[in-house]
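Coordinate-derived values only; no laboratory data. All values reported here derive from a predicted model rather than from experimental measurement. Counting neighbours? That spans all protein chains shown, and the Cβs are built from the backbone with ideal geometry, glycine included.
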Amino acid sequence: MELTIEMKAVPGKAQELYQTLQALLPTIRKAKGSRDCRVSRDVEDEELFCLVIDWEKRARLEHYIHTTSGSALLGALDLLSVTVRVRFGRKSPWEGIDALKRMRDGQ
């Protein structure tokens, strides 16, 4: 299951957001069930980023969200992003960051 997170950095915080995402990549890649993980930056809008993680199944993503690394990711999105869109799978509709927070809260 592919998780896509699209985020726009707080003005002046793009480099900090990028560095934070880069720092989290090794931990995400080592997470049980994580098959692939990559972050990209829009070439026209340097404040726009996309994080794509391929999970072997949704349960592995749900477990990751409860880890320290998952909490750090959500915290970075809260602090360093003005907008966040989340999509579970390639054909599902975009949702807000609340979709990940609900997953963390067990809802």
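Here are some notes:
- Normalised alpha carbon radius of gyration of the stretch 46-107 [divisor 2.2 N^0.38 Å]: 1.10
- Fully extending the segment from D54 to K30 would add 7.4 nm, taking 0.36 nm per residue of separation and subtracting the current Cα-Cα distance.
- Antiparallel %, DSSP beta bridges [both residues in the chain], to 5: 100
- Relative contact order (percent, whole number), the chain, Cα cutoff 8 Å, 6+ residue spacing: 37
- Candidates V39, V82, V52, ranked by Gaussian network fluctuation over the chain, Cα under 10 Å, top entry: V82
- The chain - Debye-derived log10 I(q)/I(0), Cα point model, q = 0.09, 0.16 Å⁻¹: -0.19, -0.65
- Loop GluC sites (Glu not before Pro), the stretch 1-80, which have at most 15 other Cβ atoms in a 10 Å radius of their Cβ (DSSP): E44, E46, E56
- Among K57, K91, K30: highest mean-square fluctuation, GNM of the chain, C-alpha pairs under 10 Å: K91
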